[in-house]
Structure formats: C-alpha cells, structure tokens
1. Say R0 is 45 Å: what FRET efficiency, to the nearest 0.05, do residue 209 and residue 131 get from their beta-carbon distance?
2. Given the Cα-Cα distance of residue 47 and residue 117 and 0.36 nm per residue of separation, how much length would full extension add, in nm?
3. Quick one: length gained pulling residue 139 to residue 258 fully straight, 0.36 nm per residue minus the C-alpha distance?
4. Using r as the Cβ-Cβ distance of residue 72 and residue 292, and R0 as 45 Å, what FRET efficiency do you calculate, to the nearest 0.05?
5. I want the local charge near residue 62. Using Cβ-Cβ distances under 10 Å, sum +1 for each Lys or Arg and -1 for each Asp or Glu among the other residues.
6. Just rank 55, 270, 128, fewest to most, by other beta-carbon atoms within 10 angstrom.
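Every read-out reported here was derived from the displayed coordinates using simple, explicitly stated rules and does not represent laboratory data. Everything quoted here is computed from the prediction, not taken from an experiment. As a convention, Cβ positions derive from the backbone with ideal geometry for all residues, glycine included, and neighbour counts pool all protein chains shown.
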Amino acid sequence: MSEWVMKSGGHWLLMVLLVLGGSVARADSSSNIRINGKPMTAGQQQEYAQTYGSYPVAGDYWYDAKTGLYGIMGGGFMGSMNPGHDFGTLPAGASNGDTGVFINGRELPAAEVAFFAALVGQLQPGRYWMDAAGNWGREPASETSAQQPAAKVEPKSTPPAPKPKPRAPVATADDPRLVGVYKGETIAGGDTGTYTNTQLNWVFQPDGTVLYGAISHYSASERDYNGDLEWTATGNTGETADRGRWSAADGILTIQWDSGERSRFAYSFYDGMLVYRNPQTRKLINYYPRIK
C-alpha cells in the first residue's frame with residue numbers, strides 16, 4: 001500500500017463537473033445554442049447527447065478545449081466537460097476579464113485569478129497554458145515579441161534593494177484551523193451514460209480524531225440514435241465510514257487510519273474551504289466547504 005492514499009478521489013476538474021445539458025429530449029435549433037461565438041450544429045448536438053446523456057440547453061457559452069472548462073459568454077468558468085471538443089476558437093474576451101492574466105488565450109476576471117492563485121500561487125499578468133490534468137505554465141514568448149527591441153534602461157549607480165515578498169500564513173503543528181466539519185462531492189460520468197455523485201464528509205476533532213464518510217449515488221440511462229430514452233435506473237453504489245488520527249505540520253496533513261492505511265495531503269484554506277493537493281506534485285485533489 002503506498003504511503004499516499006487519495007480518499008477523496010477524482011482530479012481537479014471533476015470536482016466541479018457540471019455539463020451544459022438538462023432534461024431536453026431533442027436537439028434545439030442551432031441558432032439558440034452558441035459556443036465560442038458559433039452556432040452549435042445538429043451533428044455536434046447529437047454527439048454531445050451521446051456523450052453526456054442529454055441535449056444541451058439553449059444559451060451562449062464559451063468553451064476551452066484544452067482544459068474542458070466552460071461558462072456563460074461574458075462570465076467566468078461554471079464547470080468542466082471533457083476536453084478536446086471542436087467548438088471553435090476560444091475568444092480572448094469570453095469572460096470579460098480585465099486582469100491581464102490569460103489562460104489558453106482567455107483573459108481571466110478577478111474572481112478566477114483569486115481562485116487559481118489559492119491553488120497554484122499568485123499569478124502575475126501574462127499568458128499561461130493549462131491542460132485538463134491541471135498542469136500549467138507560462139507560454140513561451142512569441143517571435144513577434146522576441147523581435148521587439150528591449151527598452152533602454154539607464155544604469156543606476158546603486159540598484160534599489162528588492163522588496164520582501166509577502167508570505168502566506170504557515171500551517172503549524174496540529175493546526176487548530178483544521179478542527180471542524182467539511183462537506184464536498186465528486187461527480188464522474190462517461191460514455192456509457194452512467195453518472196456517479198459521491199458525497200464526502202470530513203470531521204476533524206480537537207482530540208486528534210478524524211472521521212471520514214462517503215456515500216455514492218448513481219444514475220444510468222440509455223438512449224437510441226434518435227435520442228429517445230430507452231431505460232433509466234438510479235440507486236446507491238456504496239457507503240464507507242473510516243476513523244483515524246490526524247496531525248498537521250508545515251502544510252502537510254497526515255492521517256493514520258484505524259485500518260492501517262495512511263493518507264497525506266498538502267492542504268490550505270481558501271474562502272471558507274479546505275483545499276487538498278497532492279503533496280508531491282501540488283496538483284489539486286478536491287476542495288471542501290466548511291459547514292461547522
């Protein structure tokens with residue numbers, strides 16, 4: 001058994017999986033569904049329905065094919081679909097951003113910059129790339145910008161001393177901020193038309209005890225080539241309840257479960273939520289709003 005056990009499951013995009021579909025039983029008029037400024041064709045709607053189990057609802061959306069993120073045109077991201085759909089070029093102004101921070105060509109609004117900064121650190125104005133797994137980095141300088149002559153800077157006799165960078169609060173041993181009750185979820189689905197929603201609960205007690213509970217609900221359906229619903233089923237797939245002891249030091253949460261397994265997470269707090277990341281790669285695992 002490896003030292004690091006992901007009890008929450010799912011990668012960082014599945015944590016907010018919300019698809020454009022509703023309970024629409026037929027393809028809508030292509031003029032009523034626009035993605036990245038272009039009408040969605042009947043063929044694209046049919047392919048969407050086969051993938052996600054329902055037709056998309058009318059609206060004007062943007063979609064990032066590299067990450068799978070999407071949102072209403074003019075706003076920030078609402079959730080994630082599968083990456084790689086051919087829905088045209090993502091407009092730079094899709095979210096009406098004004099921060100100078102671009103990810104895959106889209107300028108982010110201030111709320112998104114704050115969200116990503118809590119996960120990966122402060123983002124300076126510039127152009128970045130990101131993929132569906134949460135990997136990211138700065139885009140290489142373009143040939144055009146490389147050909148621009150550098151601005152002339154007059155040398156100074158004594159360079160100014162660099163300003164110290166502000167440091168985020170450092171988590172201490174047995175961090176009392178962790179004490180509380182947190183609730184989250186993961187949503188997973190696939191081409192089979194089966195979707196599973198798992199409700200997750202964490203309870204960190206002052207005496208060092210931790211309780212973890214999860215229950216999964218599923219829905220399954222199948223449609224024919226015309227989009228008509230042939231059958232559907234719902235139910236619970238399983239329930240777990242684990243108990244253990246927790247300790248925290250230097251931003252790393254360690255849980256020794258009564259079963260003998262051990263879990264380790266890099267953790268932080270953002271806007272009333274407990275954020276878990278992989279302690280080695282720092283990729284997001286999931287986030288849990290505090291409910292008590």
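1. Computed FRET efficiency for residue 209 and residue 131: 0.70.
2. Net length gain for the segment: 21.7 nm.
3. Value of the extension gain: 38.3 nm.
4. Efficiency at R0 = 45 Å is approximately 0.90.
5. So the surrounding residues net to 0.
6. With the fewest neighbours first, 55, 270, 128 line up as 270, 128, 55.
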